[in-house]
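Before any comments, here is the structure.
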Amino acid sequence: VQLQASGGGLVQAGGSLRLSCVASGLDFTSTGMAWYRQAPGKQRELVGYINSVGTRRLAGSAKGRFSISRDNHNDRIDLQLNSLKPEDTAVYYCNAGSDNATPGRYWGQGTEVTVSS
């Protein structure tokens, strides 16, 4: 299984980014997907997940600013980041294999998001 994340970068506070994760080597349509993030010096935390039937949940800090979606035709999930804040600075990781808020067994390599004030 491979999860290839992309879309990170440097953005000013208030700006937007769109992260993508392309999966291979798994039955994507039947697999729950999620985004996690890890800020410097902090533990990895859930940003949001979208399960195999399309149910999506976002963590508290992401609600109202971020959205998660999946494209089953292209084996891809996206994370739209809006109204970014400096505290959103982190490495964002794609995760596969869980239909709920616990992490699945597969991780991508991460894509770094830096939000300047």
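Pairs linking a residue in region 32-57 that is closer than 11 Å to N95 by Cα to a residue that is of a type in the set (S, T, N, Q) and open to solvent by 30 Å² or more (accessible area, probe 1.4 Å), with Cβ atoms under 6 Å and 6 or more positions apart or on different chains, are G32/S52. Evaluation of S30 against the conditions (1) under 12 Å from the mean Cα position of the chain (by Cα); (2) open to solvent by 70 Å² or more (accessible area, probe 1.4 Å) shows that the sole unmet condition is (1). Of the residues making up region 8-27, those that are part of a loop (DSSP other than H, G, I, E, B) and either over 16 Å from V47 (Cα atoms) or without any contact (Cβ under 8 Å) to a residue 12 or more places away in the chain (or both) are A13, G14, G15, G25, L26, D27. Do the conditions hold for L19, that is, is it within 14 Å of G104 (Cα to Cα) and crowded, with 20+ Cβ neighbours inside 10 Å? Criteria not met by L19.
The values are calculated or read from the model by the stated rules, or taken from the named source; none is laboratory data. Small disclaimer: the values here were computed from a predicted structure and weren't measured. Reconstructed Cβ throughout: ideal geometry from the backbone, glycine too, with neighbour counts over all protein chains shown. Heavy atoms of the whole protein, side chains included, go into the accessibility calculation; ligands, DNA and RNA do not. Shrake-Rupley method; radii C 1.70, N 1.55, O 1.52, S 1.80 Å.
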